[in-house]
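Bear in mind these aren't lab numbers, they're just calculated from the coordinates by the rules spelled out. Bear in mind that the values here come from a model prediction, so they are computed numbers and not experimental data. Positions of Cβ are backbone-derived with ideal geometry, glycine not excepted, and every protein chain shown enters the neighbour counts.
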Amino acid sequence: MSFGAATIRIEPLAPRHDRTAFRCGDDSLDRYIREQAGQDVRRGTARIFVAVACDQPERVLGFFTLSAAAVVPSDLPPEMERRLPRHPIPAALVGRLAIDRSVGRRGLGSVLLADAVKKTKFAAATVAMSVIVVDPIDETARAFYAAFGFRSLLGPQRRMFLPIP
C-alpha cells in the first residue's frame, strides 16, 4: 500500500501529536522529533510538518523540517553561479526528513519531500528563494534525494540542492 491524499494528512506539528512512539531507526532523528522539535517551533527556528493517518490523526508517521538558509554562490555549479549575484543566495532548508519504521518503503518519504517542495515553491512566490537545500544524513538519504534531482553542492558541506521550479 502506498500513501496518498486519501490516507494521510500533512500538517504543522501541534501538541496533540504523539511523538513518543516515533521510531525511524536513527537515534538523532528520533530524539529530535520527541525532544527538540517543539522547542524549534516555539522559537521560530524551524517549521515542522508531520504526516498523520486520517484515521489516527495523533500518530506521527513521518515528518520534515523547513527553515530559511543561504547558499554561497561559489558552492553552486558554474552555470548557476554565473547568473547569480556574488552575495549569499536565499534558500529553503529541509533540515530533517524521517519516516516511522512501521510505514517504511511505502512512498511516504516521497510524499513528504513533494510537500516540502510545494510549500517552498509557494513561499518563494512571496519571499525570494532560489534553491531548496537538504542535509542527507547518510548515503541512503543522499541516493533518495538524488533520485528527485537534488545535486551536491560544491562546498565542504555534504548538502545537496534543487533549484526552485
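What to note about this one:
- Dipole magnitude for the chain: computed about the Cα centre from +1 point charges on Lys and Arg Cβ and -1 point charges on Asp and Glu Cβ, it is near 280 debye.
- Inter-label distance, nm, simple model (7 Å from Cα along the C-beta direction), Thr7/Ala114: 1.3
- Averaging Cα coordinates gives a centre for region 37-68 and one for region 112-165; these two points are 18 Å apart.
- Cα-based convex hull, region 90-165, per residue volume (Å³, whole number): 89
- Distance in nm between pseudo-label sites at Val72 and Arg86 (7 Å out along the Cβ direction from Cα): 1.5
- Peptides ranked, highest mean first, by Cβ atoms within 10 Å: ranges 59-65, 19-25, 87-93, 40-46: 59-65, 87-93, 19-25, 40-46
- Equivalent ellipsoid dimensions for region 8-163 as semi-axes, Å, which come from the Cα gyration tensor, largest first: 28, 16, 14
- Were the residues from Gln56 through Gln39 laid out at 0.36 nm apart, the gain over their Cα-Cα distance would be 3.7 nm.
- On the beta carbon distance between Arg23 and Ser152, with R0 = 25 Å, the FRET formula returns roughly 0.30.
- When the chain is treated as a GNM with alpha-carbon contacts under 10 Å, the residue of Leu29, Leu66, Leu154 showing the greatest mean-square fluctuation is Leu154.
- Compared with the dominant principal axis of the Cα atoms in the chain, helix 108-124 is inclined by about 50°.
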